[in-house]
Amino acid sequence: MWTVAALSHFGTWMHNTAATAQLANFSAVPAVNALLPAAATLPVFLLALPAGVLADRIGRGTVLFWANAASALTAALFAALDLAGALGPGALLALTFGLNASWAAAYPAWNAEVSSTLPAELIKDGAALNSLSFNIARTLGPAAGGWLFGAVGALPVYAVNALSFAGFVLCFRRSRRIERLDDGPAGRRGAWQETTALVRESVPYRALLTRAWLFFLLTQVMFALTPVYLLTVRRLPEGVVGLVLAAFGFGAICSAVAYPVVRHVVTDRVLRASCASAAALGLAVLPLAGNVGLLLVVATVFGAAFACTITMNNAFLQLSVALRLRSRAVALYTVVLYGAQTLGALAAGALASQWGVGPAAWVAAALLVVSAFAERPAGPGTRDRSGAQR
């Protein structure tokens, strides 16, 4: 399944690069191009949580089969319309929404499925491997997609993405029959009641959502401001900017490789504080970096800290939440993650417009340092009302 996921991630990142370039060719209006990330993130808010509830009730394999089949068909429709010369800005945005809607439906089920195939002692290492496949694709996929788009256009990129979902479809083809897995309260109302009870009664899960919201809100300042800072303030060429952005992905790969070793050396709490501190250091140094080499180091360290935090969060979800509730727990976490990143990007833009990139980054860095050491250690053996170990 790791290979299947890696190929699918690679096709997705190739596709994203081609779609972004093609929309820019259709229209140079910034407001039009800004609709593409909106079309990609809106389905997460609308569908991730209902999809998580559905996966827990009818079976993760069922949801994964149909969601990936829908993704393959949508990507194939991209290619068909482009071949026919009928893929304009409106169709591209609509299909982007559809493609990300199927991704939003599959993501909670996939993350829960990973943990169900591994023994408990290997779940953290499995989360690191899952992160590794994603970040390798995030590093190499845009380069491959950009090269192929520049050489022969968007059509082959969309076709490759459609084929990249074939592995998932074949892997879960035997799960097409609906099998009720949720042994909780019957009916949709009972499923939603269990979801709200998970947030209300599980102190560790609620703490995870709070930490995740703050961390992703503040770290999004780096992702939102780095390109515009390097291009407009530092006036670096696009190739150098692309290299710096690739360093984020390289750092994430390093994190995924190192995490299985590091987690045996330090506690999760210490590692979380270290990651937040490293991310804060990256934010603080970014406006002061005087050469490209230092920028690459900053981006690599920041990317490693960011990816390590995501890996720890995913491992926590898979270890601390009951299997029959796990898809919806991942879904709610995903909504929090995307919501924090969206708000963080808007806040970063507003602060940078008023104060400049440097002060905006330094404020975010200071808040990250505070958050790194604000977590209270849980007493040994303490349990919350949901029965989860704290």
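Taking loop as defined by DSSP and a crowding limit of 11 other beta carbons within 10 Å, which trypsin sites (Lys or Arg not before Pro) in the range 208-272 fit?
Answer by residue number: R235.
What order do you get for H264, H9, H15 when you list them from fewest to most C-beta neighbours inside 10 Å?
H264, H9, H15
Taking other Cβ within 10 Å of each residue's Cβ, how do W13, W213 sort, fewest first?
W213, W13
Bin all alpha-carbon pair distances of the range 195-372 at 10 Å intervals from 0 and give each bin's fraction as a whole percent.
For the range 195-372, the pair-distance distribution reads 10, 36, 34, 15, 4, 0.
About the Cα centre, and with charges only on the beta carbon of Lys, Arg (+1) and Asp, Glu (-1), how big is the dipole of the range 2-174? Nearest 20 debye, please.
160 debye
Report, in whole Å, the centroid distance computed from the Cα atoms of the range 67-93 and the range 216-292.
34 Å
Please rank L122, L351, fewest neighbouring Cβ atoms within 10 Å first, as an exposure proxy.
L122, L351
Taking only the alpha-carbon atoms of the range 2-174, what semi-axes of the equivalent ellipsoid follow from 5 times the gyration tensor eigenvalues under a square root, in whole Å, largest first?
Semi-axes, largest first: 28, 17, 15 Å.
Every number here is computed from the coordinates shown, using simple stated rules; none is lab data. If you're wondering where the values come from, they're calculated on a predicted model, not measured in any experiment. Note that each Cβ is placed from the backbone with ideal geometry, even for glycine, and that neighbours are counted across all protein chains shown.
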